Amino acid sequence: QVQLVESGGGLVQPGGSLRLSCKTSGIIFSANGMNWYRQAPGKERELVASISWSGGTNVANSVKGRFTISRDNAKNTVYLQMNSLKPEDTAVYYCNTFSGYRYYWGQGTQVTVSS
């Protein structure tokens, strides 16, 4: 059974930092690319960052220079380090992977950036 469990969200002031974690089980983590998406109220879900099985990364232009995606294959976990947070980063953040011919999603973790 594939499970993706996000954690690390919360309330943070503008300019602050958070690190999100997504712990996985039921997949061969080291062979899977991983993604972070986010969805703000009233908006479509958008891709924030991706990391390939070999460690290559891509981040959306809106977060470039502020967010970093990384992975720890020993812990079956992918991370999203978010710095210099802005109110427009407020959203539910989801991790995602493709395995066995389908996509899997976590339950999401809420990030709220507000003073």
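Only the coordinates and a few stated rules stand behind these numbers; no lab work does. Because the structure is predicted, anything quoted here is derived from the model rather than measured. Note that we place each Cβ from the backbone using ideal geometry, even for glycine, and neighbour counts take in every protein chain shown.
Annotation for the range 11-93: GluC sites (Glu not before Pro) lying in DSSP loop with at most 10 further Cβ atoms inside 10 Å of their Cβ are Glu44.
Can you tell me the length gained on complete extension of the stretch Arg45 to Ser7, counting 0.36 nm per residue apart and subtracting the Cα distance? That works out to 11.8 nm of additional length.
Just how large is the dipole of the range 1-48 about the Cα centre, in debye to the nearest 20, putting +1 at every Lys and Arg Cβ and -1 at every Asp and Glu Cβ?
On the way: 5 positive and 3 negative charges, 12 e Å.
Value, rounded to 20: 60 debye.
In summary, the lysines within cross-link reach of Lys75, defined as a Cα separation below 24 angstrom excluding same-chain residues under 8 places away, comprise Lys23.
Give me the net charge for the shell around Ser17: Cβ to Cβ below 15 angstrom, other residues only, Lys and Arg +1, Asp and Glu -1. The partial results should precede the final answer.
Values: positive: Arg19, Arg66, Lys86; negative: Asp89.
Surrounding charge for Ser17 is +2.
Only Lys, Arg, Asp and Glu carry charge here, each on its Cβ (+1 for the first two, -1 for the last two); on that basis the chain has a dipole of about 100 debye about its Cα centre. Computed from the alpha carbon atoms alone, the convex hull of the chain holds 94 Å³ per residue.
Whats the longest run of the chain with zero trypsin sites (Lys or Arg not before Pro) that are DSSP loop and have at most 13 other Cβ atoms within 10 Å?
Numbers: sites that count: Lys43, Lys64, Lys75.
The answer is 1-42.
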